[in-house]
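Below: one structure, written as structure tokens.
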Protein chains: 2
Amino acid sequence: MNRAPLSKIRAVTSRDVARAANVSQALVSRAFTGNGRIAAETRERILKVAAEIGWQPNALAAGMVTGDAPLVAVITTRLSFDWRAQVLSHLLSAFQEWHMKPLLFYAESDDEVDRLLVETIAWRTRGVIVTAGNIAHERAEAILERGQFFAALNRPANHQSAFAIATDNPLGGAMAANLLMAEGRRRYLVLAGLRDGWAAAERTRGYVDALRAAGHEPLVWHSQSMTIEVGKECATTFLEFPVDQRPEAVFSTNDAMALGFYDGLRGRGVSIPDDLSLIGFDNLSASSWTPYQLTTFEQPLDTMVSQVLHYIDSHRREDGGAAVPAPMGQRLGDDSVTYCAPTLIRRLTCKGQA
Amino acid sequence: MNRAPLSKIRAVTSRDVARAANVSQALVSRAFTGNGRIAAETRERILKVAAEIGWQPNALAAGMVTGDAPLVAVITTRLSFDWRAQVLSHLLSAFQEWHMKPLLFYAESDDEVDRLLVETIAWRTRGVIVTAGNIAHERAEAILERGQFFAALNRPANHQSAFAIATDNPLGGAMAANLLMAEGRRRYLVLAGLRDGWAAAERTRGYVDALRAAGHEPLVWHSQSMTIEVGKECATTFLEFPVDQRPEAVFSTNDAMALGFYDGLRGRGVSIPDDLSLIGFDNLSASSWTPYQLTTFEQPLDTMVSQVLHYIDSHRREDGGAAVPAPMGQRLGDDSVTYCAPTLIRRLTCKGQA
DNA sequence: CTGAAAGCGCTTACAG
DNA sequence: CTGAAAGCGCTTACAG
């Protein structure tokens with residue numbers, strides 16, 4: 001258990017490479033950045049020597065000098081249940097492609113997001129992208145003020161100059177309602193999920209509004225979380241209704257609850273889609289599995305991520321933010337959020353009209 | 001489309017804070033690091049002024065001076081299918097707790113891992129942790145040589161001085177075999193997955209060896225990937241066997257394939273566990289869902305992650321690496337990998353002997 | 001307890 | 001085309 005003193009290993013620097021290649025330290029820098037004049041053969045030699053030594057420019061030091069390290073802060077939460085993991089996966093892939101390094105800030109729960117937003121500042125990243133929790137206007141303001149970008153994925157940024165993009169949740173809810181009404185269903189239910197969840201609330205709103213406009217009043221069931229277990233519990237409640245009073249059309253604001261709802265009904269004499277139609281949201285991979293074949297909505301993740309990256313890019317060029325014209329199926333909300341239409345994925349939990 | 005010139009915003013620095021608080025710049029630094037003497041009230045004042053201005057020490061600059069930014073490189077791949085996402089989630093959570101910032105290196109496929117390992121060097125992190133692909137000895141060597149740590153999760157590091165920890169895959173395979181033999185099953189099959197996948201191959205080996213030792217010779221089916229679709233295809237092949245020649249005991253080297261295998265058998269007159277027993281690996285959340293209730297193995301992710309962090313910590317203290325005595329259920333392999341026993345999760349796809 | 005100064009490892013004008 | 005020098009924003013001995 002003898003503990004050696006904390007000795008610092010002297011780092012290999014561009015100076016060591018310069019010495020070995022018999023040039024000035026400045027030339028080593030030029031060889032790697034490509035900036036400034038340098039003879040082709042000198043460059044070759046330097047690169048070769050550096051490779052032998054195993055040296056690469058220190059990105060931290062370079063970032064300090066240029067004031068612009070290719071770093072981006074990403075705020076995320078627990079990656080359980082698929083959808084969040086998909087979002088992160090797409091983002092990471094895009095950053096890798098655009099040669100930016102994501103620095104991850106992980107929130108155990110949504111309340112920690114605000115604190116992480118503050119932590120973010122120490123790293124002088126190009127900007128921050130938020131994929132979890134709620135955003136306070138002042139936080140976005142503080143970050144934008146520094147010249148950093150600020151992007152929110154699937155949530156409002158609560159700031160005019162920030163970029164926010166999300167699935168058109170109200171539209172999805174309305175589409176679900178219309179689909180169910182077209183089937184001639186009568187009694188409607190929505191598994192609304194979190195009372196203070198933004199996306200879930202928007203989906204619920206779109207659904208309820210569309211139904212009311214047609215003279216229907218749906219049941220709205222809220223819950224503390226949006227898991228498969230919650231879905232099952234909802235099924236239990238559903239089964240307590242007299243058979244002739246049970247809802248015939250169920251929209252779940254996410255797939256997890258829809259899957260659980262389905263499971264809770266198995267072996268209970270209820271047939272989907274004969275007795276009721278069920279629609280989910282997210283298009284989780286599990287929704288396509290044999291025992292489910294759930295009709296659901298796919299969120300336009302590719303589009304959203306690519307637009308975030310265009311925003312980041314345009315912010316960098318300082319040409320006044322995302323001047324990109326809104327592609328098909330997008331609209332700009334009053335809340336400055338760019339909304340992208342979800343895609344209906346028809347499977348077997350609704351009556352087909354193929 | 002008029003593009004403003006790329007004007008650099010002058011950064012707010014500790015000097016600005018010093019001026020505002022009427023102290024030297026050095027004191028501002030002391031107020032934040034806690035190193036060096038400083039009067040309590042001076043410190044308070046500086047902190048207050050800094051908060052007003054919204055300044056925090058630039059972690060990049062600090063890292064350069066101290067030669068030790070709290071950065072760690074994490075190599076990961078596509079987060080699809082749950083298990084990888086779980087691994088990353090646990091790691092991120094642990095890093096957040098230990099005040100280290102993960103810099104993510106994302107590989108689209110396993111072949112890219114080697115390149116990412118090289119990219120890693122530019123960032124002068126405390127070390128790197130690999131959760132995807134194969135590791136070349138030279139890569140680990142190059143990193144360790146710099147005084148960085150090197151950890152491999154669920155794969156061998158191929159280097160004596162690196163730290164590698166993994167589920168005891170051969171043990172899992174053997175446990176599956178013993179369980180199935182105890183049921184009195186006769187014809188054995190293993191969905192072996194990737195031919196060159198390390199974990200899958202180890203699970204297969206443990207299974208096959210245990211069976212052979214008891215005089216059984218199992219069928220071994222390899223595949224190009226390890227998805228639910230592959231599992232389904234295996235079911236199709238299975239169904240082509242005459243009924244009295246079909247395997248009665250199936251071990252799948254991951255849950256995804258097991259789930260697909262199950263799905264492929266639905267409605268085909270085969271009963272699980274009456275006609276055959278099925279065991280998976282990973283304990284994906286889906287394995288516990290109503291239509292599956294799959295018997296499987298849980299990988300000791302908590303243990304593995306916490307040991308990785310202890311290694312990182314001990315590496316930092318330079319007390320000669322992980323001197324931590326191996327906890328229960330662990331063994332050190334010839335390959336310098338620390339193996340942790342998986343936990344059998346009994347559900348309904350095996351004959352119970354409750 | 002406080003301040004002036006050196007230095008971390010780079011990049012980039014500025015001379016030559 | 002090349003080199004010497006300044007400077008990025010900090011931390012940490014070193015004096016006082």
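The values are calculated or read from the model by the stated rules, or taken from the named source; none is laboratory data. Because the structure is a prediction, the values reported are computed rather than measured. No Cβ is skipped: glycine too gets one built from the backbone with ideal geometry, and neighbour counts run over all protein chains shown.
Yes/no matrix, rows are residues, columns are (1) crowded, with 19+ Cβ neighbours inside 10 Å; (2) more than 10 Å from chain A (Cβ to nearest Cβ); (3) part of a helix (DSSP H, G or I):
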| residue | (1), (2), (3) |
| --- | --- |
| B:Q86 | yes, no, yes |
| B:L92 | yes, no, yes |
| B:Q96 | yes, no, yes |
| B:F105 | yes, no, no |
| B:V113 | yes, yes, yes |
| B:A132 | yes, yes, no |
| B:I135 | yes, yes, no |
| B:H159 | yes, yes, no |
Q | Check on B:L71, touching a residue at least 24 places away in the same chain (Cβ under 8 Å), touching a strand residue (DSSP E or B) at 6+ places or on another chain (Cβ under 7 Å), more than 13 Å from DNA strand C (Cβ to nearest atom) and not assigned by TED's automatic domain parsing to the domain that holds B:S288 | A | yes
Q. Which of the residues that make up segment B:37-46 are under 43 Å from the mean Cα position of the chain (by Cα) and either away from DNA strand D (no atom under 13 Å from the Cβ) or at pLDDT 95 or above (or both)?
A. B:R43, B:E44, B:I46
**Q.** Scan of segment B:279-300 for residues that are within 19 Å of the chain's Cα centre (by Cα), within 14 Å of another protein chain (Cβ to nearest Cβ) and in a loop (DSSP other than H, G, I, E, B), ordered by number
**A.** B:N283, B:L284
Q) If you check every pair at least six apart or on different chains, which have Cβ atoms under 6 Å apart with a residue in segment A:53-68 that is modelled with pLDDT under 95 first and a residue that is basic (K, R) and within 11 Å of DNA strand D (Cβ to nearest atom) second? A) A:G67/B:K8
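Residue-by-condition table, conditions (1) touching a Phe, Trp or Tyr at 6+ places or on another chain (Cβ under 8 Å); (2) modelled with pLDDT under 95; (3) hydrophobic (A, V, I, L, M, F, W, C); (4) more than 16 Å from DNA strand C (Cβ to nearest atom):
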{"position": "B:M1", "(1), (2), (3), (4)": "no, yes, yes, yes"}
{"position": "B:A4", "(1), (2), (3), (4)": "no, yes, yes, yes"}
{"position": "B:S7", "(1), (2), (3), (4)": "no, yes, no, no"}
{"position": "B:N22", "(1), (2), (3), (4)": "no, no, no, no"}
{"position": "B:S29", "(1), (2), (3), (4)": "no, no, no, no"}
{"position": "B:N35", "(1), (2), (3), (4)": "no, yes, no, no"}
{"position": "B:K48", "(1), (2), (3), (4)": "no, no, no, no"}
{"position": "B:A51", "(1), (2), (3), (4)": "no, no, yes, yes"}
{"position": "B:T77", "(1), (2), (3), (4)": "yes, yes, no, yes"}
Q: May I ask you to say which residue of B:V23, B:V49 is touching a Lys or Arg at 6+ places or on another chain (Cβ under 9 Å) and either more than 7 Å from DNA strand D (Cβ to nearest atom) or within 13 Å of another protein chain (Cβ to nearest Cβ) (or both)?
A: B:V23
(Q) Please count how many residues of segment A:26-36 are small (G, A, S) and near DNA strand D (Cβ under 7 Å from one of its atoms). (A) 2
Q | Leading residue by the ranking (nearest to B:T131 (Cα to Cα)) among those in segment B:54-84 that are within 16 Å of DNA strand D (Cβ to nearest atom), assigned to a loop (DSSP other than H, G, I, E, B) and not acidic (D, E) | A | B:P70
Q) Can you tell me which of B:R124, B:R78 is within 9 Å of chain A (Cβ to nearest Cβ), charged (D, E, K, R) and closer than 20 Å to A:A73 by Cβ? A) B:R124
Q.
Just to be sure I understand, how many residues within segment A:75-126 are farther than 17 Å from B:E97 by Cβ and of a type outside the set (G, A, S)?
A. 28
